[in-house]
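Reading through the structure tokens given below for one structure.
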Amino acid sequence: MATRLIDIHPHIISPDEQTYPPDPLGGERSGWSAKRPATFEQFIAEMDKAGVDKAAIVHSSTTYGFDNSYVADSVATDPSRFAGVYSIDLLASDAADRIRYWKERGLSGLRIFTTGSTMPGQAPTLESPDLHGAWSLAGDMGLSVCVQMTKAAIPALEKLLTAFPKTNVIIDHMMKPPIADGAPYPGAQFVFDLARYDNVHLKLSSRNTEEAQAGKATPETFFGKVVATFGADRIAWGSNFPASEGSLLDIVNDLKRCIDFLPAADQHWIMAGTAQKLYPQLAD
């Protein structure tokens, strides 16, 4: 079992709403951020209990919109242990300036939030030509781009993957494919098909471990096929804490149970190695 553990999908919420005022993307705040928020300090305590060494903290768009100040201020307290993933309006005329600004503030990854609990359906963001300049700049600057998306956005994503092969992409929650019918997982074929693009990486989150243990799905058959298709060095773990219920320790233990059948080298990539490749700031 790998001894290192890096989380690339936690969120943090500040109780100080004067310094960090909520302004959720889409106009509606996510339920989890109001009901079970975790501050940066609380997240560190959870990390220490769970044995998580480092983290790439993902800005909560459904709390703060495009103001990444809380993540930036938090990461700055210990940049050897933390990286930050930020969101901006990538279609705005000043997108390039905003990308550089938050990079200078110490953040090292971008995220595009095109669907979610407060934004049902699929926003057409990835289809816009206005995105191309920012997408290309991210690749030139070495910024990995997380995309929260549905199957409907795949044609637009494939055009970007082909046009900008230098830009590394991380698919949040593996796009949450339907897998309850069990192996060979025909409902997830749209995810497996993306393996032909070398710049695509998958984020294996608590959403995926939960679903891999439901219905006819099993961790061995589903994650086994994901690893065989993509390679473990293109898969990285993210807790989704505290958006997912339970302690970080519970989420970590569930991950370990779900991948303990894999060779130690594959476990290492999923638990730490791929994260350090995507976010070099977190390298040892």
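Report whether or not residue 194 is open to solvent by less than 20 Å² (accessible area, probe 1.4 Å) and in contact with an Asp or Glu (Cβ under 9 Å, 6 or more places away or on another chain).
On the way: open to solvent by less than 20 Å² (accessible area, probe 1.4 Å): yes; in contact with an Asp or Glu (Cβ under 9 Å, 6 or more places away or on another chain): yes.
So residue 194 fits the description; yes.
Mind checking which residues of the range 197-211 are under 26 Å from residue 253 (Cα atoms) and either hydroxyl-bearing (Ser, Thr, Tyr) or open to solvent by 30 Å² or more (accessible area, probe 1.4 Å) (or both)? Spell out the reasoning first.
Of the residues in the range 197-211, the ones under 26 Å from residue 253 (Cα atoms) are 201-211.
Once the filter is applied, which keeps residues that are under 26 Å from residue 253 (Cα atoms) and either hydroxyl-bearing (Ser, Thr, Tyr) or open to solvent by 30 Å² or more (accessible area, probe 1.4 Å) (or both), the range 197-211 yields 205, 206, 207, 209, 210, 211.
Just one of the numbered conditions (1) in a loop (DSSP other than H, G, I, E, B); (2) at pLDDT 95 or above; (3) touching a Ser or Thr at 6+ places or on another chain (Cβ under 9 Å) is not true of residue 262: (3).
Residues of the range 10-21 include none that is open to solvent by 10 Å² or more (accessible area, probe 1.4 Å), aromatic (Phe, Trp, Tyr) and not in a loop (DSSP other than H, G, I, E, B).
Every residue in the range 214-234 that is part of a helix (DSSP H, G or I), aliphatic (A, V, I, L, M) and surrounded by fewer than 17 Cβ atoms within 10 Å (Cβ to Cβ), please.
If the condition is that a residue be part of a helix (DSSP H, G or I), aliphatic (A, V, I, L, M) and surrounded by fewer than 17 Cβ atoms within 10 Å (Cβ to Cβ), then 228 is the only one that fits.
Residues that are modelled with pLDDT of 95 or more, open to solvent by 10 Å² or more (accessible area, probe 1.4 Å), part of a loop (DSSP other than H, G, I, E, B) and farther than 25 Å from residue 256 by Cβ: does the range 43-52 have at least one? No, there is no match, as no residue in the range 43-52 is modelled with pLDDT of 95 or more, open to solvent by 10 Å² or more (accessible area, probe 1.4 Å), part of a loop (DSSP other than H, G, I, E, B) and farther than 25 Å from residue 256 by Cβ. Taking every residue in the range 78-104 that is over 25 Å from residue 127 (Cβ atoms) and pairing it with any residue that is open to solvent by 70 Å² or more (accessible area, probe 1.4 Å) and assigned to a helix (DSSP H, G or I), at least 6 positions away or on another chain, the pairs with Cβ-Cβ distances below 9 Å are 83/280.
The values are calculated or read from the model by the stated rules, or taken from the named source; none is laboratory data. The shown structure was predicted, so the numbers you read here are calculated from the model rather than taken from an experiment. Every residue, glycine as well, gets a Cβ built from its backbone with ideal geometry; the counts of neighbours run over all protein chains shown. These accessible areas exclude ligands, DNA and RNA; they are computed on the full protein's heavy atoms, side chains included. Shrake-Rupley method; radii C 1.70, N 1.55, O 1.52, S 1.80 Å.
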